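S.K.: This structure is in structure tokens; I'll ask about it shortly.
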Amino acid sequence: MKQSKIWIVVATVGLSLSVYGQQSKGGITPGMLDQIRQSYNETPADKAIRNAISNNNINSLAVNADSKNNFDTYFSHKVNSKGITNQKSSGRCWLFTGLNVFRAQMIAKYDMGDFRFSTNYSFFWDQLEKANLFLQGIIDTHDKPMDDRTVEWLFKNALSDGGQFTGVFDILTKYGVVPAEVMVETNSSESTARMSNLIGLKLKEFGLQLREQAAKGDKVTALEKNKTEMLGTIYRMLVLNLGEPPATFTWTRKNSKGEPVETKEYTPISFFKEYIEGDIENDYVMLMNDPSREYYKLYEIDFDRHRYDGKNWTYVNLPIEEIKEMAISSIKDNTMMYFSCDVGKFFDRDRGVLDVDYYDYDSLFGTTFGMDKKQRIQTFASGSSHAMTLMAVDLDANNKPKKWMVENSWGPGANNGHLIMTDKWFDEYMFRLVVNKKYITNKVTKILKQKAVRLPAWDPMFANEK
């Protein structure tokens with residue numbers, strides 16, 4: 001009797017699959033499944049590969065042995081740097097990268113040793129400003145329904161530790177900078193997830209309260225008064241996690257031999273004005289290589305700033321070869337650049353190498369992975385995920401790049417904390433580069449005068465970098 005019951009269940013399942021396949025086109029029918037199964041005939045090679053994959057990391061098996069031979073680490077043009085920073089378990093790569101650009105300039109100008117700015121100090125103000133950006137955004141959209149796209153985006157992105165170069169000048173120009181020893185790292189600054197999650201949770205609660213107040217008829221002035229009180233709670237949470245930023249401090253500048261040169265009292269703003277040269281808000285331009293959008297256009301990303309009273313970041317979209325020309329000019333002039341890319345692709349972390357030929361997935365799986373950069377962007381298969389500091393290029397006899405080097409913020413490691421990328425990898429996975437305007441072409445100067453095409457905050461190409 002038990003066997004009959006089992007047979008009835010199996011028959012019923014088969015009948016249901018058959019009927020469903022007839023009623024709903026597009027499903028996997030028994031006939032289709034039979035055809036799929038018959039298409040696979042296991043070979044001895046397949047069995048060997050399956051055994052290998054079952055017991056090993058795919059990347060270890062896919063390494064192209066030929067790509068490991070004769071990999072030259074010499075660079076014809078390289079900006080000098082001292083020391084390597086470490087963002088630890090945080091998404092602050094954008095901040096480390098921006099500060100590393102300026103610290104390299106400061107070290108060179110003043111003949112200093114391994115000087116570093118306090119990322120914790122700048123991160124504190126970044127988190128407070130982002131909290132205000134969210135709450136004011138909620139006030140601005142209080143008359144829109146919860147399922148409005150902007151309202152939904154705000155609640156999904158109440159707070160993050162990621163960002164991009166716009167955040168660097170948003171925070172530095174308003175709050176200045178301090179040396180690393182003036183406001184040191186804490187456990188929460190080096191491992192941001194729990195703090196950011198709790199503050200984000202509180203912000204969402206506050207956001208709902210503001211919307212409830214508006215629904216009861218409270219005016220915007222009343223909402224903004226309550227917002228200030230809410231920010232007091234956020235400020236306290238930040239102080240408990242990161243410490244309270246100093247208003248003044250005394251600092252002694254030392255030369256490369258460690259000898260004291262000058263001792264002065266500073267405010268964060270006076271230190272910024274003395275040691276970071278130029279108008280960083282207007283002296284730099286972001287270049288993008290996004291083949292999914294029209295080139296030679298100026299674009300602006302809505303709500304993508306770090307301060308409510310800050311500036312939405314804009315960029316010029318260009319072919320990759322034109323971006324390379326400006327990058328080379330900057331490196332030849334001993335100037336590092338903010339650089340962002342899809343760092344996880346074809347990356348050997350042990351060797352510190354980014355090379356599209358390093359992993360041969362095609363041979364391992366007997367198929368091809370043929371999407372180009374445009375198609376990867378359109379299908380969400382690739383996008384900018386990490387910021388680093390571009391600081392070297394190796395040029396051939398025809399002045400064409402063979403490979404590039406970036407200063408990373410993951411602490412000491414392969415290549416003393418630097419990553420080397422082939423020029424081919426640069427083509428495929430580089431997305432953003434920030435250059436000083438003195439290195440841009442006349443064509444880019446003209447494009448900057450265009451009225452920017454505004455893109456929505458939720459555009460997938462503009463997720464924060466970590």
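S.K.: From the phi of every residue in region 123-137, what ³J(HN,Hα) in whole Hz does the Karplus formula 6.51 cos²θ - 1.76 cosθ + 1.60 yield, where θ is phi - 60° and glycine or proline is x?
M.R.: So the J values, rounded to whole Hz, are 5, 4, 5, 4, 5, 5, 5, 5, 4, 5, 4, 5, 5, 5, x.
S.K.: So, one more: Evaluate the Debye formula for region 279-462 with equal point scatterers sitting on the alpha carbons, no solvent, and hand back log10 of I(q)/I(0) at q = 0.09, 0.13, 0.15 Å⁻¹, in q order, two decimals.
M.R.: Taking Cα atoms of region 279-462 as identical point scatterers yields -0.34, -0.71, -0.95.
S.K.: Figure the gain on full extension for Thr250 and Lys78 (residue separation times 0.36 nm, minus the Cα-Cα span) and round it to one decimal in nm.
M.R.: Roughly 58.5 nm would be gained on extension.
S.K.: Going by amide H atoms built from the backbone, whose H comes under 5 Å of the H on Trp410, apart from near neighbours?
M.R.: For Trp410, whose amide H was placed from the backbone, the distant partners under 5 Å are Gln87.
S.K.: Residues with amide H under 5 Å of Gly163's amide H, sequence separation 5 or more or different chain, H placed in the peptide plane at 1.01 Å from N; which?
M.R.: So Gly163 has HN proximity to Trp94, Glu465.
S.K.: Which FRET efficiency, nearest 0.05, do Ala397 and Asn55 yield, Cβ-Cβ r, R0 56 Å?
M.R.: 0.75
S.K.: Lys264 label point, 7 Å along Cα→Cβ, cut-off 17 Å on backbone N: hits in region 159-181?
M.R.: So the set is 176-180.
S.K.: A further question on this structure: Taking 45 Å as R0, compute the FRET efficiency from the Cβ-Cβ separation of Arg149 and Asp333 and round it to 0.05.
M.R.: Between Arg149 and Asp333 the formula returns 0.55.
S.K.: Ok, one more. For Thr314, what residues show an amide H to amide H distance below 5 Å, using hydrogens built from the backbone and excluding near sequence neighbours?
M.R.: Those qualifying (amide H under 5 Å, at least 5 residues apart or on another chain) number zero.
S.K.: Taking +1 at the Cβ of each Lys and Arg and -1 at the Cβ of each Asp and Glu, which of Val444, Leu159, Leu223 sits farthest along the dipole of the chain towards its positive end, judged by Cα position relative to the Cα centre?
M.R.: Leu223
S.K.: Using alpha-carbon positions, what is the distance between the centroids of region 329-384 and region 413-433, in Å?
M.R.: Region 329-384 and region 413-433 have Cα centres spaced 8 Å from each other.
S.K.: Given the rule -39500 (n - 2.57) for each run of at least 4 DSSP H residues, summed and divided by the residues of the chain, what is its mean residue ellipticity at 222 nm, to the nearest 500 deg cm²/dmol?
M.R.: Rounded to the nearest 500, the figure is -13500 deg cm²/dmol.
S.K.: Another one. Would you mind computing, in nm to one decimal, how far apart the modelled labels at Lys297 and Asp350 are, each placed 7 Å from Cα along Cα→Cβ?
M.R.: Taking the simple label geometry, Lys297 and Asp350 are separated by 4.5 nm.
S.K.: Out of the chymotrypsin sites (Phe, Trp or Tyr not before Pro) in region 374-466, which ones are loop residues according to DSSP with at most 14 other C-beta atoms within 10 Å?
M.R.: In loop regions of region 374-466 (DSSP not H, G, I, E or B), the sparsely surrounded chymotrypsin sites (Phe, Trp or Tyr not before Pro) are Phe380.
S.K.: Residue-wise, which Karplus ³J(HN,Hα) couplings in Hz belong to region 189-205, taking 6.51 cos²θ - 1.76 cosθ + 1.60, θ = phi - 60°, and x for glycine or proline?
M.R.: Each residue of region 189-205 in turn: 6, 8, 9, 7, 4, 5, 4, 5, 5, 5, 5, x, 5, 5, 4, 5, 4 Hz.
S.K.: Also: May I ask you to compute the full-extension gain from Leu240 to Glu205, defined as 0.36 nm times their residue separation minus their alpha-carbon distance, rounded to one decimal in nm?
M.R.: Contour length minus Cα-Cα distance gives 10.6 nm.
S.K.: Treating cross-link reach as a plain straight distance, find the lysines whose alpha-carbon is under 17 Å from the alpha-carbon of Lys446, omitting any fewer than eight places away in the same chain.
M.R.: By straight Cα distance, Lys446 reaches Lys297, Lys437, Lys438.
S.K.: Moving on. First check a/c for region 39-154, with a ≥ b ≥ c the square roots of the eigenvalues of its C-alpha gyration tensor; if it is under 1.5, answer rounded, and if not, answer prolate when a/b is larger than b/c or oblate otherwise.
M.R.: Note, shape of region 39-154 comes out oblate.
S.K.: Right, next: Show me, for region 438-452, the HN-Hα J-couplings you get by feeding each phi into the Karplus relation (A = 6.51, B = -1.76, C = 1.60, θ = phi - 60°), rounded to Hz, glycine and proline as x.
M.R.: Ordered by residue, 3J(HN,Hα) equals 5, 9, 7, 7, 4, 4, 5, 4, 5, 5, 5, 8, 5, 6, 5 Hz.
S.K.: From the C-alpha gyration tensor of region 97-275, pull out the three semi-axes of the equivalent ellipsoid (sqrt of 5λ each), sorted largest to smallest, in whole Å.
M.R.: Over the Cα atoms of region 97-275, the semi-axes work out to 38, 15, 14 Å.
S.K.: In the structure shown, do any of Lys204/Lys311; Lys109/Lys402; Lys156/Lys273; Lys68/Lys443 have a Cα-Cα gap over 32 Å, and if so which?
M.R.: Lys156/Lys273; Lys68/Lys443
S.K.: Further, regarding this structure: Report the paramagnetic label zone for Thr221: residues of region 127-168 whose backbone N is under 15 Å from a point 7 Å from Cα along the Cα-to-Cβ axis.
M.R.: No residue qualifies, since no backbone N sits under 15 Å from the label point.
S.K.: Would you mind classifying the chain by shape? Square roots of the alpha carbon gyration tensor eigenvalues, ordered a ≥ b ≥ c; an a/c under 1.5 is rounded, otherwise it is prolate if a/b is larger than b/c and oblate if not.
M.R.: oblate
S.K.: Just order 348-357, 246-255, 413-422 by mean Cβ neighbour count inside 10 Å, highest at the front, would you?
M.R.: Most protected by this proxy first, the peptides run 413-422, 348-357, 246-255.
Here, each number is a calculation from the coordinates, and none is a lab measurement. Note that this is a predicted model, so its numbers are computed, not measured. Don't worry about glycine lacking a Cβ; one is built from the backbone with ideal geometry, like all the others, and counts go over all protein chains shown.
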